[in-house]
């Protein structure tokens, strides 16, 4: 049984002589408690869960898929530590792009693809972090040695590549095809049905019959490599 205060749909109200909540945290004693039937409660819970999932960002949805919660900075000092790291890269990258006279997004991303690993390796291994008093690499190694690391191995999940992708729901055309760039490709799905388009970070494009589900092998309808 569940109870709530306020109006309920007609036909499901009942007065309670002995309310089930003798203490309501200092609030006034209610004169009426509405008891909702179990099917109605299940409907409300299902609707609430659906609204919560729709409210997720793509990163939030991927983390929720694996039961990972975002941990927000609990203090202004901790938040400042994160923001300083962002500011570090915002100050470093513009001069790097200006040195090569890069002003467009595509060549900028191409250059970063070539140099980002080197920049990260140098920053982590050789530059002392102001708050930590040591390099990030040394701090990570110490955390692992003391078993304080929160990193875990990649799970053996068949949907892993697709969960960590940019997913959109698309409709199959009347011709049984979907658009890929300027071309149309056939796939094994009924016309006017919906499939899931997954764009991987490396540019590979996949079309799935259904969105990834835990411990379920995704049904790949079409794979379009970036090259």
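Each reported figure results from applying straightforward, stated rules to the coordinates on display, with no laboratory input. Note that the structure is predicted; figures quoted are calculated from it, not measured. As a convention, Cβ positions derive from the backbone with ideal geometry for all residues, glycine included, and neighbour counts pool all protein chains shown.
The simple spin-label model puts a point 7 Å past each Cα toward its Cβ; for residue 90 and residue 112 those points are separated by 1.4 nm.
Each of residue 146 and residue 219 was given a label point 7 Å from its Cα along the Cα-to-Cβ line. The distance between the two points is 5.1 nm.
Beta carbons within 10 angstrom, averaged per residue: use that to sort the peptides 132-145, 103-116, highest first.
On the way: 132-145: 13.2, 103-116: 11.5.
Result, highest mean Cβ count within 10 Å first: 132-145, 103-116.
The label point for residue 63 and the one for residue 120, both projected 7 Å from the Cα toward the Cβ, are 1.8 nm apart. Rounded to two decimals, the Cα radius of gyration of region 115-202 over 2.2 N^0.38 Å is 1.82.
Inter-part distance, region 76-139 to region 148-165, computed on C-alpha centroids, equals 25 Å.
If we sort 171-177, 205-211 on the protection proxy, mean other Cβ atoms within 10 Å, highest first, what's the order?
Top of the packing list down: 205-211, 171-177.
Ellipsoid fit via the Cα gyration tensor, region 76-145: semi-axes of 27, 15, 9 Å, each the root of five times an eigenvalue, largest first.
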